[in-house]
Amino acid sequence: MSKPTDIHCTGARLYFLPLILRVPLKFGLETVTSVTCARVCLRVASSKGQTAEGWGETPLSVSWVWPSAVPYETRHEAMKDFCIQLAERWAKFDLTGHPIEIGHAFVQECLPALLKEFNSPRASNEPGRSRSRKDPASESALRPPPSALDAEPMPWLGALVCCSAFDLALHDAYGNLNQVPVYQAYSACFMNADLAHFLKPAEGSRVSFAGQYPEQYFVQPPPNQLPAWHLIGGKDLLRVEELSGSEPDDGYPVILTDWIRRDGLTCLKVKLRGNDAAWDYQRLVEVGKISLEHNVIWLTADFNCTVTDPAYVNEMLDRLLVEHPRTYAMILYVEQPFPYDLEHHQIDVHSVSARKPLFMDESAHDWQLVRLGRALGWSGVALKTCKTQTGALLSLCWAKAHGMTLMVQDLTNPMLAQIPHALLAAHAGTIMGVETNAMQFYPEASKPEAAVHPGLYQRRKGQIELSTIAGSGFGYRLAEIKRALPEPAAAR
């Protein structure tokens, strides 16, 4: 059954915005110095011929979605090429409905086949199919040479991140066409199907999604301020004694203690190696000492999928409890120690979650994997808009219905990407605020957006401010943001 508010896609534009990090970010086994953001404009129309545009953006975080020995630039170019292919397919995806219905259908019915084709050696070897990127309108320009990726195809998480900018733009366009803030449109008044159409409860539970809609799982009213989590990368400096003189002199803090003082931070996320217990333990001890000296309240430990045995985490936590009990007490939760391919690494993690709340991040691609994670002992979910807005909302509803705790984690979101990220956290009801760290790694990148939304791009008194978000869609106030865009990488 359709509604007059339903939309369908009519066109897409894709832009690539390259950014350089002011300081390197140690991410798992790699060190990141640059990133490309994919920005998408999606055109939509209603059955009555009304039209609107919507915008979405995400960093193409290569090291996060695709940890590998394959050269970084090979993976980077592959993700950009896949975004170009997505622009073609989204522009032609003519399903009519609500954005959750359209976004869910695209990820379920279209994206797997696209990824399979993209990863297939035959896709780049068929007669008459050139791989030149000089003609982005050609579907033949969609995959790097077979030698680059045949040995290791792009993973599903990479496809989701590329798709997320289009899905975000779809939700924004829907709100703009119907002149409503999009979080007010996740209800029976706008949706054609309830949550039971998308979600299935865990076996043996008494949960039912019949007659349920996302708005029933949101915090109402959403807060205008959120506690901000600061990221401590593996190469980040902690104290003044660690300075070498080669650090950037750009007016922004370099060492952790200066960040805490300037931004009034109370929540710190510590990136760990996961394969060096001595280093990881000492890092937690040092950050704990600084936290106690500067009135930090909460810590979290992020192992980025590098641990294979729960004993690694358990022994570290148990040692902290004995030797540094106050630091142990400050650890609010532990994030994704284990490999993110949950179906192939079904590790029982109840022993970890018995010590501290244990949150899925990279593993939480969708609600089905959240369901599997819950059965294995994970107790919480870290939501990210970069896995699609549609997927994040469905995972939010499934997790909350089953008593799981939520967090909203960053992908170092600058510019427009920060706004849906913050809105998701405000509506989700997280365990504590939101992770937000783009201001650490490329603070100048968001200057046009910060002129309109200053509180979203700086942390003061340990919080970010959402009160400037206003209007339809995601409330970007795009007409007021003075940003010049490059030529589109794809226009359909």
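The values are calculated or read from the model by the stated rules, or taken from the named source; none is laboratory data. Computed from a predicted structure; not experimentally measured. Reconstructed Cβ throughout: ideal geometry from the backbone, glycine too, with neighbour counts over all protein chains shown.
Suppose we filter the stretch 203-236 for residues that are closer than 30 Å to L284 by Cα and at pLDDT 95 or above; how many remain? Outline the logic, then answer.
Residues of the stretch 203-236 that are closer than 30 Å to L284 by Cα, as a first pass: 225-236.
Filter again for at pLDDT 95 or above, leaving 225-232.
Residues flagged as closer than 30 Å to L284 by Cα and at pLDDT 95 or above within the stretch 203-236 amount to 8.
Residues of the stretch 342-367 being within 21 Å of the chain's Cα centre (by Cα) and within 15 Å of D309 (Cβ to Cβ), which ones?
From the stretch 342-367, those within 21 Å of the chain's Cα centre (by Cα) are 342-343, 357-367; that's our starting set.
If the condition is that a residue be within 21 Å of the chain's Cα centre (by Cα) and within 15 Å of D309 (Cβ to Cβ), then L358 is the only one that fits.
Search the stretch 445-458 for residues that are aromatic (F, W, Y) and pair each with any residue that is assigned to a helix (DSSP H, G or I) when their beta-carbon atoms are under 7 Å apart and the residues are at least 6 apart or on different chains.
Y457/Q418; Y457/M439; Y457/S446; Y457/E449; Y457/A450
Yes or no, residue by residue, for (1) on the phi > 0 side of the Ramachandran plot; (2) buried (at least 24 other Cβ atoms within 10 Å of the Cβ); (3) in the same structural domain as L25 (by TED's automatic domain parsing); (4) β-branched (V, I, T):
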position: G377; (1), (2), (3), (4): yes, no, no, no
position: A382; (1), (2), (3), (4): no, yes, no, no
position: T388; (1), (2), (3), (4): yes, yes, no, yes
position: H402; (1), (2), (3), (4): no, no, no, no
position: Q409; (1), (2), (3), (4): no, yes, no, no
position: H453; (1), (2), (3), (4): no, yes, no, no
position: E465; (1), (2), (3), (4): no, no, no, no
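Name the strands (runs of 3 or more DSSP E) wholly inside the stretch 1-110 in which the number of residues that are without any contact (Cβ under 8 Å) to a residue 60 or more places away in the chain and not assigned by TED's automatic domain parsing to the domain that holds P443 is 3 or more. Full working, then the answer.
On the way: elements: 8-27, 30-45, 51-59.
It comes to 30-45.
Specify which of the listed residues (R283, R319, R326) is in a helix (DSSP H, G or I), in contact with a Phe, Trp or Tyr (Cβ under 7 Å, 6 or more places away or on another chain) and either touching a residue at least 24 places away in the same chain (Cβ under 8 Å) or farther than 25 Å from T385 by Cα (or both). Talk me through it step by step, then tell me what you get.
Values: R283 fails: in contact with a Phe, Trp or Tyr (Cβ under 7 Å, 6 or more places away or on another chain); R326 fails: in contact with a Phe, Trp or Tyr (Cβ under 7 Å, 6 or more places away or on another chain).
Unique residue meeting the criteria: R319.
Is it true that some residue in the stretch 251-258 is closer than 17 Å to A426 by Cα and at pLDDT 95 or above?
No, there is no match, as no residue in the stretch 251-258 is closer than 17 Å to A426 by Cα and at pLDDT 95 or above.
Consider only pairs whose beta carbons are under 9 Å apart and that are at least six residues apart or on different chains; among these, list those whose first residue lies in the stretch 199-212 and is among the small types (G, A, S) and whose second residue is in a loop (DSSP other than H, G, I, E, B).
Close Cβ pairs satisfying both conditions: A202/H402; S205/H402; S208/P201; A210/D194; G211/A188; G211/D194.
Take S130 and tell me if it is closer than 30 Å to S63 by Cα, at pLDDT below 95 and assigned to a helix (DSSP H, G or I). Spell out the reasoning first.
Values: closer than 30 Å to S63 by Cα: yes; at pLDDT below 95: yes; assigned to a helix (DSSP H, G or I): no.
Judged against the criteria, S130 is not a match.
Filter the stretch 289-316 down to the residues that are acidic (D, E) and assigned to a helix (DSSP H, G or I) and list them by number. I'd like the intermediate steps shown before the answer.
If we filter the stretch 289-316 for residues that are acidic (D, E), which is where we start, we get 293, 302, 309, 315.
Once the filter is applied, which keeps residues that are acidic (D, E) and assigned to a helix (DSSP H, G or I), the stretch 289-316 yields E293, E315.
I'd like the full set of residues that are in a loop (DSSP other than H, G, I, E, B) and over 17 Å from H427 (Cα atoms), limited to the stretch 217-242. Can you show your working first?
Here is the first cut: in the stretch 217-242, the ones in a loop (DSSP other than H, G, I, E, B) are 218-224, 233-236, 238-239.
Result: G233, G234, K235, D236, L238, R239.
Got at least one residue in the stretch 183-195 being closer than 23 Å to E465 by Cβ and out of contact with any strand residue (DSSP E or B) (no Cβ under 6 Å at 6 or more places or on another chain)?
Going residue by residue through the stretch 183-195, those that are closer than 23 Å to E465 by Cβ are 183-184.
From the residues that got through so far, the ones that are out of contact with any strand residue (DSSP E or B) (no Cβ under 6 Å at 6 or more places or on another chain) too are 183-184.
Scanning the stretch 183-195 turns up at least one residue that is closer than 23 Å to E465 by Cβ and out of contact with any strand residue (DSSP E or B) (no Cβ under 6 Å at 6 or more places or on another chain).
Considering each of R460, R492 in turn, give the residue that is more than 22 Å from the chain's Cα centre (by Cα), farther than 25 Å from D250 by Cβ and of a type in the set (K, R).
On the way: R460 fails: farther than 25 Å from D250 by Cβ.
Sole residue among the options that is more than 22 Å from the chain's Cα centre (by Cα), farther than 25 Å from D250 by Cβ and of a type in the set (K, R): R492.
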